[in-house]
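Report on the structure given below.
The values are calculated or read from the model by the stated rules, or taken from the named source; none is laboratory data. Computed from a predicted structure; not experimentally measured. Quick reminder, even Gly has a Cβ in these numbers, built from the backbone with ideal geometry, and neighbours come from all protein chains shown. Quick note on the areas: whole protein, heavy atoms, side chains included, nothing else; ligands and nucleic acids left out. Shrake-Rupley method; radii C 1.70, N 1.55, O 1.52, S 1.80 Å.
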Amino acid sequence: MYRLLRNTHLLLGLFFFTFVLMFGVSSVRFSHRDWFPANAIESQTVLDVPSATPWEPRTLAADLMQSNGLRGGLQQIRDTADGFRFNITRIGTSHQIHYDRAKGQVRIETKVQPFMAMMNAMHQTFGMDHGYGWNNFWGFLMLLTTIALLLLSLTGIYLWFKMYKERLVGAVLLLVGLSYGVSLVVLMRM
């Protein structure tokens, strides 16, 4: 049993190291945004679309994705006084689409986040109900990373407990780490 748990602990740690490191670095950016300036690259494009076509948000989004190479999931569809607007987003990039029925024009406002801001978006992307397949895949990887972290902690505690000489030091470190983590959670919620 000890050998199996030791190998499981080692393999989980090696495989999920990069994901856990990404979580740690992006957490530092959450706390200290001024250390990592994150000015998005913004651009704007205006396109003429046939006003005779009765555009709906989903058909317009599909047309823009096919003809202009926009990628992402369709989100936040809203009606406006002169047409409608919606977003096409993926991790690190968002396109705000404004459609004006009277003019037959589409205005696309694109924001591309720099690397550190994109890591924060990766940190916050979870679940597998996005309209974009790669975001769903990333959400699945985050689920696996969460399970791996739980298994790492459980197998680590078991392996530590089996080392009789280090029980006292391990218990102190475990208690200090646990109290530090719980204190941070409580302070963040205040």
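Yes or no: the stretch 50-68 includes at least one residue that is modelled with pLDDT of 85 or more and under 23 Å from the mean Cα position of the chain (by Cα).
In the first step, residues of the stretch 50-68 are kept if they are modelled with pLDDT of 85 or more; the result is none.
No, the stretch 50-68 contains no residue that is modelled with pLDDT of 85 or more and under 23 Å from the mean Cα position of the chain (by Cα).
So residue 133 clears everything in (1) of a type outside the set (S, T, N, Q); (2) without any contact (Cβ under 8 Å) to a residue 60 or more places away in the chain; (3) under 22 Å from residue 86 (Cβ atoms); (4) surrounded by 16 or more Cβ atoms within 10 Å (Cβ to Cβ) except one condition, right? Which one?
With (1) of a type outside the set (S, T, N, Q); (2) without any contact (Cβ under 8 Å) to a residue 60 or more places away in the chain; (3) under 22 Å from residue 86 (Cβ atoms); (4) surrounded by 16 or more Cβ atoms within 10 Å (Cβ to Cβ) applied to residue 133, the lone miss is (4).
Go through the stretch 115-137 and give me each residue that's farther than 25 Å from residue 35 by Cα and either part of a loop (DSSP other than H, G, I, E, B) or out of contact with any strand residue (DSSP E or B) (no Cβ under 7 Å at 6 or more places or on another chain) (or both).
126, 127, 128, 129, 130, 131, 132, 133, 136, 137
When you scan the stretch 167-175, do you find a residue that is surrounded by 12 or more Cβ atoms within 10 Å (Cβ to Cβ) and touching a strand residue (DSSP E or B) at 6+ places or on another chain (Cβ under 8 Å), even just one?
no
Name the single residue that is surrounded by the fewest Cβ atoms within 10 Å (Cβ to Cβ) among those in the stretch 52-90 being out of contact with any Gly (no Cβ under 9 Å at 6 or more places or on another chain), closer than 23 Å to residue 117 by Cα and free of Cβ contacts under 8 Å to residues at least 60 places away in the same chain.
Top of the filtered list is 69.
Cβ-Cβ below 8 Å, separation at least six or inter-chain, first residue in the stretch 14-32 and without any contact (Cβ under 8 Å) to a residue 60 or more places away in the chain and over 17 Å from residue 139 (Cα atoms), second open to solvent by 60 Å² or more (accessible area, probe 1.4 Å) and of a type in the set (Phe, Trp, Tyr): which pairs?
28/35
Please state which of the following conditions residue 140 fails to meet, knowing it meets all the rest: (1) modelled with pLDDT under 85; (2) assigned to a helix (DSSP H, G or I); (3) of a type in the set (A, V, I, L, M, F, W, C).
Only one criterion is unmet by residue 140, namely (1).
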